[in-house]
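The values are calculated or read from the model by the stated rules, or taken from the named source; none is laboratory data. Since we're looking at a predicted model, the values are computed, not measured. With ideal geometry, Cβ positions are generated from the backbone for all residues, glycine too; neighbour counts draw on all protein chains shown. All accessible areas refer to the heavy atoms of the entire protein, side chains included, with ligands and DNA or RNA removed. Shrake-Rupley method; radii C 1.70, N 1.55, O 1.52, S 1.80 Å.
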Amino acid sequence: LTYRQLNEQSNQLAAYLRSTYAVQAGELVGILLKRSELLIVSILGVLKSGAAYVPVDPDYPEERIAYILADSACKVLIDEVEIAKFKEVAGEYSKANLAGINQGEDLAYIIYTSGSTGHPKGVMIEHRNACSFLHWCLEEFGAADFDTVLGVTSICFDLSVFEIFYTLSTGKKIRLLSNALAIPLHLNTTEKILLNTVPSVVGNLLNENIDLSAVKVLNMAGEPVPHQTISALDCHRMEVRNLYGPSEDTTYSTFSRIWDETSITIGRPISNTRIYILNEGDRLQPAGVVGEICIGGAGLARGYLNKEALSAERFVADPFLIGERMYKTGDLGRWLADGTIEFSGRKDDQVKIRGYRIEPGEIE
């Protein structure tokens, strides 16, 4: 699809949603589709309509899909059936841009993450959160030498926000793959690729001796980066970054450019982001002393959908800035002498498997 085709098709879908379902700003529209160009058209169409999108992966267990749809109470669900209805009447709707009806504090999307109570929890991200994040992306990767982003992440995982929206905002090409297992099949399609994935995927590619010469920019996030992965990469030929951040702070909160295996940290805060390392009494820890990583700033989510008590517990008043909030991540870390942050694990029993947050309580 060209940018014009993508824009026109998503405009028509947005007009269809407004006309057929009277979609208003801040209302929720679910997206339950296989990975194709229609997935991107649908996401943009929902945003252009004024609604917020709720991604649902068709590969999820039926019970999880049912819970997300019930908890979010979406006004509309865009699935294969709804897309077929839209296609029949798409020609009746204008391809022109719709008048925007959103404000910065309106919801943009809700991503469900694993919950310790046994049920996923929906993180509410506003337009201003995503816009702040994208402004940092445009600044940080402005000089990067690539032309194609391989979109390998499920839209239910917040790395997809970078892959889709950063790519489209900078005029590059996104090649949507079925999943990370398909990466080797597409590394020879262009000479300049940005790959945005979890370290375990990169480790598998290296173990299988996959040629990564076309990868010019490599972003790793979602789990700690092993030293052996970095030692196997040419960090001077390609730009390698370690990115850290929970969904509750719009994808990424800190970043580090990695040059060799001796420089693996989660780095420094991205633009408009505050990081505190606090003790149990919410006092600042000295440099070198481990404490809980707490985050404030422009990327901070509104909270959890339909979970006011949990939101109040995790999104608390910032003790250092009156009128501001911070998010208590449950992650542990410490400031190093050079002003970067070393990640030290969790204060609870949450684990990461291939980048996904897993709460043992949910498994139980």
Item to complete: Please state the charge dipole magnitude for the chain, taken about the Cα centre, from unit charges on C-beta atoms (+1 on K and R, -1 on D and E), reported in debye and rounded to the nearest 20.
Response: 700 debye
Discussion item. Take the residue pairs K307/K328; K75/K172; K48/K328; K172/K216; K216/K347; K173/K216 and return only those whose Cα atoms are more than 24 Å apart.
Written reply: K75/K172; K48/K328; K216/K347
Worksheet item: Rounded, prolate or oblate: which one fits the chain, using the alpha carbon gyration tensor with axes a ≥ b ≥ c (rounded when a/c is under 1.5, else prolate when a/b beats b/c, else oblate)?
Response: oblate
Worksheet item: What is the dipole size for region 1-157, taken about its Cα centre, with +1 at each Lys and Arg Cβ and -1 at each Asp and Glu Cβ, in debye to the nearest 20?
Response: 340 debye
Worksheet item: If you count, for each residue, the other Cβ atoms within 10 Å and average over each peptide, how do 31-40, 92-101 line up from highest to lowest?
Response: 31-40, 92-101
Worksheet item: Mind checking which aspartates and glutamates have their C-alpha under 18 Å from K192, skipping anything on the same chain fewer than 8 residues away?
Response: E140, D145, D147, E163, D211, D234, E239
Item to complete: Report relative contact order for region 237-364 in percent, whole number only (criteria: Cα-Cα under 8 Å, sequence separation at least 6).
Response: 20 percent
Practice prompt. Skip the ligands, DNA and RNA, and give the accessible area per residue of region 169-239 with a 1.4 Å probe, whole Å².
Written response: 47 Å²
Worksheet item: What 222 nm value per residue comes from the helices of the chain, counting each DSSP H run with n ≥ 4 as -39,500 (n - 2.57) and dividing by all residues, nearest 500 deg cm²/dmol?
Response: -7500 deg cm²/dmol
Discussion item. Once you order the gyration tensor axes a ≥ b ≥ c over the Cα atoms, which shape class does region 69-198 get: rounded for a/c under 1.5, otherwise prolate or oblate by comparing a/b with b/c?
Written reply: rounded
Discussion item. Of L107, T265, I68, which is farthest towards the positive pole of the chain's charge dipole, taken about the Cα centre with +1 and -1 on the beta-carbons of Lys, Arg and Asp, Glu respectively?
Written reply: L107
Discussion item. Can you classify region 68-109 as rounded, prolate or oblate using the Cα gyration tensor, where a ≥ b ≥ c are the square roots of its eigenvalues, rounded means a/c under 1.5, and otherwise it's prolate if a/b beats b/c and oblate if not?
Written reply: oblate
Discussion item. Can you give me the C-alpha center-to-center distance between region 101-143 and region 284-322, rounded to a whole angstrom?
Written reply: 16 Å
Fill in: For region 196-350, size of Cβ-based charge dipole, Lys and Arg +1, Asp and Glu -1, in debye
360 debye
Worksheet item: With each pseudo-label sitting 7 Å past Cα toward Cβ, what's the L332-D59 distance in nm, one decimal?
Response: 3.3 nm
Item to complete: Determine the relative contact order of region 82-214: mean sequence separation of Cα pairs under 8 Å and six or more apart, normalised by residue count, in whole percent.
Response: 19 percent
Worksheet item: Of all DSSP beta bridges located in the chain, what percent are antiparallel, nearest 5?
Response: 60 percent
Discussion item. Pairs of alpha-carbon atoms within less than 8 angstrom and 6+ residues apart define the contacts here; what relative contact order does the chain have, in percent?
Written reply: 14 percent
Discussion item. 7 Å from Cα along Cα→Cβ at both N204 and V81: what's the point-to-point distance in nm?
Written reply: 3.3 nm
Practice prompt. Find which of I193, L278, N179 sits farthest along the positive direction of the dipole of region 167-286, computed with +1 on the beta-carbon of Lys and Arg, -1 on that of Asp and Glu, about the Cα centre.
Written response: I193
Worksheet entry | Dipole of region 200-286 [Lys/Arg +1, Asp/Glu -1 at C-beta], most positive-end residue of Y252, P226, S213 | Y252
